[in-house]
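> Dropping a structure here in structure tokens format, bear with me for questions.
The values are calculated or read from the model by the stated rules, or taken from the named source; none is laboratory data. Small disclaimer: the values here were computed from a predicted structure and weren't measured. Every residue, glycine as well, gets a Cβ built from its backbone with ideal geometry; the counts of neighbours run over all protein chains shown. Surface accessibility is based on the protein's heavy atoms, side chains included, excluding ligands, DNA and RNA. Shrake-Rupley method; radii C 1.70, N 1.55, O 1.52, S 1.80 Å.
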Amino acid sequence: MELIEERGFDRVTVGQITERAMVSRAAFYRNYRDKYHLVEEIFDEAMDVLRGSVADPDAKPALELWASFFDHVAHYHRLYGALLSHRGSQWFAVRMRTSLSAMVAEHIPSSGPTGGLAPSLVAAMFVQAITWWLDNGRPLSSQDMAVQTGRLAGAIIAEANSWKGAPRPG
């Protein structure tokens, strides 16, 4: 985290990571292909829990699941804060939006010329909300962030669901 904060993610090398972590490069490469793989593993773990919980009919309510995602972000706040900051990585922001968009798309009709618009908007809103939350020192609880972003996402999703069969302007 310190390296990303100091130098920016794109300028950090595996050599610098292993030196700072006091592990050999060989040990690093036994577990990860590169620095991107390291970050993806952390993020994918959270997404797998979120996706698995959503797919489980006996899972917690959506609000609890989303709050648990914010808990995950809070637990790794230095990593997410560093990656989503101005010194972070555009690669990671795109990766996060893409994953969230795919998850949202499973719950929104995607036919027609604007089929991917709503999931993309919701994903971008979530990433921006997380960035705001971290940049401002997490002024709201995970639960409050889940409620507020959930309401905003719900409004976008409700609007997108109304597009099906609705006459198009112009």
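> Spin-label point model (7 Å from Cα, Cβ direction): what's the residue 29 to residue 106 distance in nm?
Modelled inter-label distance: 3.6 nm.
> Order 37, 75, 86, most accessible first, counting only protein heavy atoms with a 1.4 angstrom probe.
Details: 37 25, 75 135, 86 175 Å².
My answer, sorted largest first, is 86, 75, 37.
> Still on this model: Determine the order of 45, 2 by accessible area, beginning with the largest, at a probe radius of 1.4 Å.
Values: 45 115, 2 90 Å².
The ranking, largest first, comes out as 45, 2.
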